[in-house]
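Note sheet for the following structure.
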Amino acid sequence: MNHSKYSSLQFIAVTMLILLMFASPLWALHAGAVKGAKPRPNKEQGKACYSLWHDHDGWHLLMSTENKRRRFTGRIWTKNGSVRLVRTYSIETKDRVVQEGSGITFQSTVKGGSDGFTFKWTGSRLWLSIEIDGKPMTKRILVGPKGLHPSNIPFTIDRNATPRAQKKWVPGHYDKKGTWVPGRWIKR
């Protein structure tokens, strides 16, 4: 086989593998890790952040800022169940939190306070695509009592995943000897 042709095939195979990885969520958290107290933002995160947690009342998404006006937008949905809005908090008339199909779409402008809502969901996986000022600011999304951050948007909460310590995905690669090393999860 021609060396350049072999390199092209390797490139195509690696590219397809990478695309396949990004077609599914890389950051899925077991639903049990979200249960408990509201996460507490640090000073930098407190300037604008989302807090997501679960307790006996349901699932809560809180959007908070200090003094600067910020626009929070997003969608929460499930593919094999339903998401039901239970109540809203401090949502002004120009803001919107709307039940749409099997999910909730929201848009809220917050300055110096918090807006939010409580919801309940059925199904095995909850998808969240949320942004601040039109940007996916993952370091400003605090999930569960430990304030975990998703690595990408959208991210998921999975009821059927095996609970595990927070791990990092290392994609497959070639080592120094040219041997393929498959992708794997490692402890952070």
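Add +1 for every Lys or Arg and -1 for every Asp or Glu among the other residues with Cβ under 13 Å from the Cβ of Pro154, and state the total.
Cβ neighbours under 13 Å give a net charge of +1.
Can you put Arg69, Arg75 in order, fewest other beta carbons within 10 Å first? Walk me through the intermediate numbers first.
Numbers: Arg69 11, Arg75 17.
Least to most surrounded, the residues fall as Arg69, Arg75.
Here is the link list: Lys94/Lys135; Lys94/Lys146; Lys35/Lys120; Lys47/Lys94. Which ones come out longer than 25 Å on Cα distance?
On the way: Lys94/Lys135 21 Å; Lys94/Lys146 32 Å; Lys35/Lys120 13 Å; Lys47/Lys94 22 Å.
Long pairs (Cα-Cα over 25 Å): Lys94/Lys146.
For segment 28-162, divide the Cα radius of gyration by the Kirkwood radius and give the resulting Rg/Rh value with two decimals.
Radius of gyration over Kirkwood radius for segment 28-162 works out to 0.93.
Per 0.36 nm of contour for each residue apart, how much would the distance between Thr109 and Glu92 grow if the chain were fully extended, relative to their Cα-Cα spacing?
My answer for the length gained is 5.3 nm.
Quick one: Arg184, Arg70, fewest Cβ neighbours within 10 Å first, how do they rank? Don't jump to the answer; show the numbers that get you there.
Working: Arg184 11, Arg70 19.
Ordered by Cβ neighbours within 10 Å, fewest first: Arg184, Arg70.
Any read-out appearing in this document is the output of simple, stated calculations on the displayed coordinates, not a laboratory observation. In this text, all values refer to a predicted model and were calculated from it rather than measured experimentally. Glycine gets a Cβ as well: all are built from the backbone with ideal geometry, and neighbour counts include every protein chain shown.
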